[in-house]
Every structure is written in structure tokens, then in C-alpha cells.
Amino acid sequence: MLVGSHTWRHLRLISANWAGSAVRSGSGLVFLLIALVFGLSVAHLVLSPVEMLMRQERSQGRQVSRAEVVERIVEAGRPVVRWSLGVKTEVQEAETSPAAPDPFGRSAAVRRDPWSSFLLDERPALLSVIFLILLFGMPFVISFLAFNQFSGDVQSRGLRYLLLRTERGNIYWGRFLGTALFSTAVMAILIGTIALYAGAKIHIYSAGAMALWSVHGFAALAVLMLPYLAVCTWVSAMIDAPFASLVVAKLVIAGVLVFALVGKLAWGPAVYFKYALPWGVQNHLLHPEWSHVLGAVAACLGYAGVFLMLGHRHFVRRDL
């Protein structure tokens, strides 16, 4: 019990110190800057067409509500959302199928898949589009924060001084937890800023709907960051040079997706290579059915656990 108490105190001390130092470190500041610039740029690109269409309509003497403008943009962007969710084939089959109309009199060609309808019709559509883009882009950004958890200290032999006071496992898990804490705080700041920005520019969604969907989006991003952080932790535990660690982490994260997308052009089953990382399941964090959401959360935690155990196995055996 005494050992466990000491271990917990060491983990808490190391994680808190590492999260605090990330605010002052170059990698932490770079990650914070890139994450905020990327997130706010996405929000601006998604929201600015609404304002542009409103100005055009007013300049032509027509009065149109923001809700009508958003509906036009949503309908124009619906095929893109379907494609990003991986339901393009299902929609094409519905459009070419001679199936009978549904109970509401709509033909199969105009019926909408439940997933995109949930995101665009039942939830604040513009926030949904922003979250989809962030879910895709943030895995590329996270390596700027997590690439140097151990590489620099191993290269300079600085970890040997810490090993006089604690165990390798405490250093490994404490630094991962500190990095995860810092990334979660940045995601909270980013989503909160985007929600306030969207609420100030677009006044068609209720504050409650915006707040609830923003919390869901934040939770999705916070969970998604864990497996990609774990990949970077594993790479940083194996490679001594910080720059090499950053390059390898980016190649792994991007390479899995590129290989799956390009490989399927020559061999269809190659698309399943994307499941080597959460690329194949992460959009389900925004699924209308909670069974899919919980399954995606479990998958992300499972990925993170596997990568962390592989990294820990290498870290405790290597020469420091």
C-alpha cells in the first residue's frame, strides 16, 4: 500500500509538472498556436459563407433569414458530409434504386441517410461541419505537442537524474498523462472559443443546443487525441532525436491514411489498413446512435492502451 501511495504521488507530481512545463515549452506553444489557428480558421471558413450570402441577398433588395441561408449551404454541402462519413455508396445506391416511396411520399432519391441528417438537421449544422473537419485535422496537429516526451532527455541523458528519485514507469505514464491533460485543456479552449465565435456570428441556434453539441464535440476530440498521443509517446520512447521523432510520428499518422486511400485504387481491401489507427472509426464519435458512439470511444481507448503498452515495454528495457 505504501508503494502504491508513493507511485500515485510520483505520477501526480510528474504529470502536473509536465503539463505545466508544456505551457512554457516550444512544442507546447507551437501546438497551442497551430491548434487555435487551425480551429478558428476552419470556423471562419465555414461561417463566412453565411454572412456573404446574407450580404448578397440584402444588396439585391431581398430579405432572407439566416435560417434560409444556412439551409441552402447545408444542402449544398450535404454530399461532402456524406462522403466524409463514408456513406456515399449507400446514398448512390438509394438514388439509383427504383424502391417505392416511403410513408411520407418521398422517393428513395430524396431520402436522406440518418447520419448526415442527424448532424445537419437535428444538431447545429455549422458546428457539425466544423467538428468533422477538426476530427480529421487534429491528429496531424497533435504530434507537434507529443513528439518530444522522452527523445530530448534521452539524447542528453537527462532522464538519468530523474531515475535516482523515481521509476521508469512513473516517468513514462506521468509524462503521457501530463501531455494528455494539456491537450485536453487546449481542446476545451478551442471548442469554447469556436462556440462563442459561432454564436456571435450566427444567431439561429439556441444557446442550449450550441452548448450541448459543443460539449459533445469537445468530448469527441478529447477522446480522439488519446490514441494519436499514444502513438507519439511510443515513437518518442524509441527514438532519441526529437526531430526524427516528430518526422516518424507524422509519417506514421499520415502514412496509414494515405496508404489506405491510395492502396484501395489498386487493391480494394487495402482500404481496411486505415483501421491500424482510429481513422476508420473516429467519425462514429459523432454518430446519432449511442451504441456507435460508445463503440468508437472504446475503440479509441483500446488503440491508446495497445500503443501505450508497446511504448512502455520498449521504454523500460532501453538504455537511458
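The values are calculated or read from the model by the stated rules, or taken from the named source; none is laboratory data. Keep in mind it's a predicted model, so treat the numbers as computed, not measured. FYI the Cβ positions are ideal-geometry reconstructions off the backbone, even for glycines, and counts take in every protein chain you see.
Odds and ends about this structure:
- Within the range 152-176, considering residues that are in a loop (DSSP other than H, G, I, E, B) and surrounded by fewer than 17 Cβ atoms within 10 Å (Cβ to Cβ), the one modelled with the lowest pLDDT: Leu164
- Cβ pairs under 9 Å, 6+ apart, first in the range 269-298 and touching a residue at least 24 places away in the same chain (Cβ under 8 Å) and part of a loop (DSSP other than H, G, I, E, B), second among the hydroxyl-bearing types (Ser, Thr, Tyr) and surrounded by fewer than 18 Cβ atoms within 10 Å (Cβ to Cβ): Pro288/Ser117
- Lys264 vs. criteria surrounded by fewer than 24 Cβ atoms within 10 Å (Cβ to Cβ), charged (D, E, K, R), in contact (Cβ under 8 Å) with a residue 60 or more places away in the chain and part of a helix (DSSP H, G or I): no
- Subset of the range 192-230 (residues that are surrounded by 20 or more Cβ atoms within 10 Å (Cβ to Cβ), under 14 Å from the mean Cα position of the chain (by Cα) and either closer than 30 Å to Asp153 by Cβ or in contact (Cβ under 8 Å) with a residue 60 or more places away in the chain (or both)): Ser214, Gly217, Ala220, Leu221, Val223, Leu224, Met225, Leu226, Pro227, Tyr228, Leu229, Ala230
- Those residues of the range 42-56 which are over 19 Å from Ala125 (Cβ atoms) and either surrounded by 12 or more Cβ atoms within 10 Å (Cβ to Cβ) or in contact (Cβ under 8 Å) with a residue 60 or more places away in the chain (or both), in sequence order: Gln56
- Cross-chain or 6+ apart pairs with Cβ under 7 Å, the range 306-320 first and more than 8 Å from Trp234 (Cα to Cα) and aliphatic (A, V, I, L, M), then at pLDDT below 95 and not in a helix (DSSP H, G or I): Leu320/Leu163
- Residue match in the range 241-249 (condition: aromatic (Phe, Trp, Tyr) and within 19 Å of Ser27 (Cβ to Cβ)): yes
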